[in-house]
Amino acid sequence: MKSTSKKNNLEILLHIGVWILVYGLPFFISWKNNDSELPNKLLHHGVVVLTLLAVFYLNYFHLIEKFLFNKKFREYFLYNVLLIGLLGAGVHFWNEATIPQAAKHFPEPGISRSLSFLIRDIVSLVMVAGLSVALRTTGKWYRLEAEQQEEEKKRTEAELLVLRQQINPHFLFNTLNNIYALIEISPEKAQNVVHELSKLMRYVLYENTGEKVALNKEITFLENYVELMKIRLTKDVDLTFENKVPKENNWQITPMLFISLVENAFKHGISPTRKSFIHIVFDITAENKLSCSIENSFFKKNDSDLSGSGIGLENLKRRLDILYPETHEFHAGELNEIYYSRIVVPLLTD
């Protein structure tokens, strides 16, 4: 609101300054201390400027908005012909009658002299009308651009909110599936998992509600999630989590950005009958960006597996496109029963 008010005040001052310049510049250029005709010149030029003001602002505030912007081109043209014709003729004949000295530069009086003055005045008014159209149209274009950008920003924020709201139930759904699978194997472990899950949900629901969160907190959350998932793993799983990020830092990151990749690693990387592995590494690149790399053994799930709907990766890709357009890296794929994924994103600061 304050920004709009300041912009309007600046626009008013700019208009005033331009019209003062239009009125005063001719006298500044040809100023003579002993010019006996100065009062007449001031009066003549003042009347001309008033007609310019009338044409400019009648167009600027009324005719352009009412007719031109509503595509009533014929009405707009006719009103301007009438306005410019009347004002041009009026100021010309008034000057002819009241300030005859203005004609001294034309030694041969007559129709040619009158026509020259009339054409000069009308051409000036037409140019001012054109300037008014140019400024009004440009101003409207900028306003429409600003409104479209604001609408796009609101749509993007709304989409990000929806995407982020999808993460929480998806995360909970996958974790509950793990608990369900663990109940039959070890009810005691399942109890511990529920207790640890409550800690994670506290972070998900209360500690990362802003647009960014401390990087250390986000990585700690992921470490806790890995520890939670480790409870149901056998000795045949090689699980490592390397955090190479300096402990003392003021970096921040978009929350819940990497959880989908970590969840996927546990979903597709663990086999109950074969040796498996999951390797997770967080590091800082030479360009001072955060890198998250994950490699895991890859076991395709069959159609009867209900551990997740696949929404996680699509959600992640869309969030990366919105939050880090053209500044992030995301690579993922499978080769020789090994699935790899890597995200590189710019770091935020306080």
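The values are calculated or read from the model by the stated rules, or taken from the named source; none is laboratory data. All figures in this text were calculated on a predicted structure; none of them were measured in a lab. Backbone-built Cβ (ideal geometry, glycine too); neighbour counts: all protein chains shown.
List of remarks:
- Residues in the stretch 319-350 that are outside any strand (DSSP E or B), in contact with a Leu (Cβ under 6 Å, 6 or more places away or on another chain) and not hydrophobic (A, V, I, L, M, F, W, C): R319, H328.
- Qualifying positions in the stretch 229-285 - under 17 Å from N177 (Cβ atoms) and basic (K, R): K230, R232, K267
- Scanning the stretch 217-231 for residues that are modelled with pLDDT under 85 and buried (at least 19 other Cβ atoms within 10 Å of the Cβ) turns up L228, M229.
- For R202: the one exception among (1) within 23 Å of R342 (Cβ to Cβ); (2) outside any loop (DSSP other than H, G, I, E, B); (3) out of contact with any strand residue (DSSP E or B) (no Cβ under 6 Å at 6 or more places or on another chain): (1)
- Some residue of the stretch 280-300 being assigned by TED's automatic domain parsing to the domain that holds I322, loosely packed, with under 15 Cβ neighbours inside 10 Å and over 22 Å from F330 (Cβ atoms): no
Results for (1) modelled with pLDDT of 70 or more; (2) out of contact with any strand residue (DSSP E or B) (no Cβ under 7 Å at 6 or more places or on another chain); (3) not assigned by TED's automatic domain parsing to the domain that holds H15; (4) not aliphatic (A, V, I, L, M), shown as yes or no for each residue.
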{"site": "L43", "(1), (2), (3), (4)": "no, yes, no, no"}
{"site": "F67", "(1), (2), (3), (4)": "yes, yes, no, yes"}
{"site": "K72", "(1), (2), (3), (4)": "yes, yes, no, yes"}
{"site": "G90", "(1), (2), (3), (4)": "yes, yes, no, yes"}
{"site": "E96", "(1), (2), (3), (4)": "no, yes, no, yes"}
{"site": "P100", "(1), (2), (3), (4)": "no, yes, no, yes"}
{"site": "H105", "(1), (2), (3), (4)": "no, yes, no, yes"}
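- Among the residues of the stretch 190-214, just one is within 32 Å of the chain's Cα centre (by Cα), hydroxyl-bearing (S, T, Y) and under 28 Å from L233 (Cα atoms), namely Y203.
- Note on the stretch 107-123: residues that are in contact with a Gly (Cβ under 8 Å, 6 or more places away or on another chain) and modelled with pLDDT of 75 or more total 1.
- Scanning the stretch 199-213 for residues that are within 24 Å of A265 (Cα to Cα) and surrounded by 15 or more Cβ atoms within 10 Å (Cβ to Cβ) yields L200, Y203, V204, N208, V213.
- V193, sole failed condition from (1) in a loop (DSSP other than H, G, I, E, B); (2) without any contact (Cβ under 8 Å) to a residue 40 or more places away in the chain: (1)
- Exclusive hit being assigned to a helix (DSSP H, G or I), under 27 Å from L144 (Cα atoms), modelled with pLDDT of 85 or more and of a type in the set (A, V, I, L, M, F, W, C), set L63, L82: L63
Residue-wise test of (1) closer than 16 Å to V345 by Cα; (2) part of a loop (DSSP other than H, G, I, E, B).
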{"site": "Y225", "(1), (2)": "no, no"}
{"site": "F241", "(1), (2)": "no, no"}
{"site": "E248", "(1), (2)": "no, yes"}
{"site": "L257", "(1), (2)": "yes, yes"}
{"site": "R274", "(1), (2)": "no, yes"}
{"site": "I278", "(1), (2)": "no, no"}
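- V237 being more than 36 Å from the chain's Cα centre (by Cα) and under 27 Å from N192 (Cβ atoms): yes
- Residues in the stretch 263-276 include at least one that is polar (S, T, N, Q) and within 37 Å of the chain's Cα centre (by Cα).
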